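The values are calculated or read from the model by the stated rules, or taken from the named source; none is laboratory data. Owing to the predicted nature of the structure, the values given are computational and were not obtained by experimental measurement. With ideal geometry, Cβ positions are generated from the backbone for all residues, glycine too; neighbour counts draw on all protein chains shown. The area values use the complete protein model at the heavy-atom level, side chains included, leaving out ligands, DNA and RNA. Shrake-Rupley method; radii C 1.70, N 1.55, O 1.52, S 1.80 Å.
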Amino acid sequence: MDHKIAGIRYDYSLKGLNEVDLDTNPLKQFKLWFDEAVLAGVSEANAMLLSTVSNGRPSARIVLLKDLTETGFSFFTNYQSKKGRDMEENNQVALTFFWKELERQVRIEGIVVKTSPEESSEYFAVRPRGSQIGAWVSEQSEVIPDRAFLEEKTREFEDRFEGHEVPRPPHWGGYRVIPERMEFWQGRPSRLHDRLVFEKGKSGNWKIERLSP
């Protein structure tokens, strides 16, 4: 055993979480916690772990939340990327947020759908120009020979769109995760954490239950 690794520990003690503290709508509860994370100065509070499954094999990566609506959580990416192909095959995904400064975690399980072309174009239009060019340059998740390959392609697209607005690539756009289960986790001392989970029933109503840590 590597005792340096085994000895890393942090005892959570900031707050507790009780059923009466929660909004009855988990999306509204998430927004409350998200706003608190932003106010607390959490770096990239919108960073979330997106987990997908393809051919029975899980895969995970960090993406950025870019919109939160009454229906779900939106992010944007290359449709032809590894995660895009995974979601095309299996639309059941999971998201995880961890805000260490607040000793909180939110786990979300649900179904992913593509956002409308209009929503994708609206967001693409407000991205920095360099990121817009990058969406054309990157054949995301594909093998490339070296860094110089990216730099050369970047120059090609900069020349192509010089003096013009950069259009949204047809292979790039948004996804929205529609939650069916959301767990709110508040760290507590001695690993006896508070875990309150929302489950959506067939009627569309949410049921709240407490889980053992």
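A 1.4 Å probe run over the protein chains yields, for region 1-63, 69 Å² of accessible area per residue, whole-number rounding. Need the list of lysines near residue 31 for cross-linking: C-alpha distance under 28 angstrom, and skip anything on the same chain fewer than eight residues off. Output for residue 31: 15, 66, 83, 100, 114, 200, 202, 207. Taking all protein chains in place and a 1.4 Å probe, what share, in percent, of the accessible surface of the chain do carbon and sulfur account for? With neighbouring chains kept in place, the figure for the chain is 50 percent.
Considered as an equivalent ellipsoid built on the Cα gyration tensor, the chain has semi-axes of 35, 21, 17 Å, the largest given first.
Residue 5 exposes around 110 Å² of accessible area when a 1.4 Å probe is run over every protein chain in place. The magnitude of the dipole of the chain, with charges of +1 and -1 set on the Cβ of Lys/Arg and Asp/Glu and taken from the Cα centre, is near 700 debye. One quarter of the convex hull surface built on the alpha carbon atoms of region 46-140 amounts to 7.1 nm², the projected area averaged over directions.
The largest-to-smallest principal axis extents of the Cα set in region 1-40 are 44, 23, 17 Å. Report the relative contact order of region 1-68, percent, no decimals, based on alpha-carbon pairs under 8 angstrom and at least 6 residues apart. Dividing the mean separation by the residue count of region 1-68 yields 18 percent. Values of log10 I(q)/I(0) for region 96-213 across q = 0.12, 0.17, 0.22 Å⁻¹ run -0.71, -0.92, -1.16, by the Debye formula with one identical scatterer at each alpha carbon and no solvent.
Across the chain, the mean sequence separation of Cα contacts (distance under 8 Å, 6 or more residues apart), normalised by length, yields a relative contact order of 25 percent.
In the assembled protein chains, residue 137 presents an accessible area of approximately 10 Å² (probe radius 1.4 Å).
A cut-off under 11 angstrom between Cβ atoms defines the neighbours of residue 12, and their net charge, with Lys, Arg +1 and Asp, Glu -1, is +3.
Counted as membrane-span-like here are DSSP H helices of the chain whose alpha-carbon atoms extend 18 Å or more along the helix's own axis and whose Kyte-Doolittle mean is -1.0 or above; these are 26-39.
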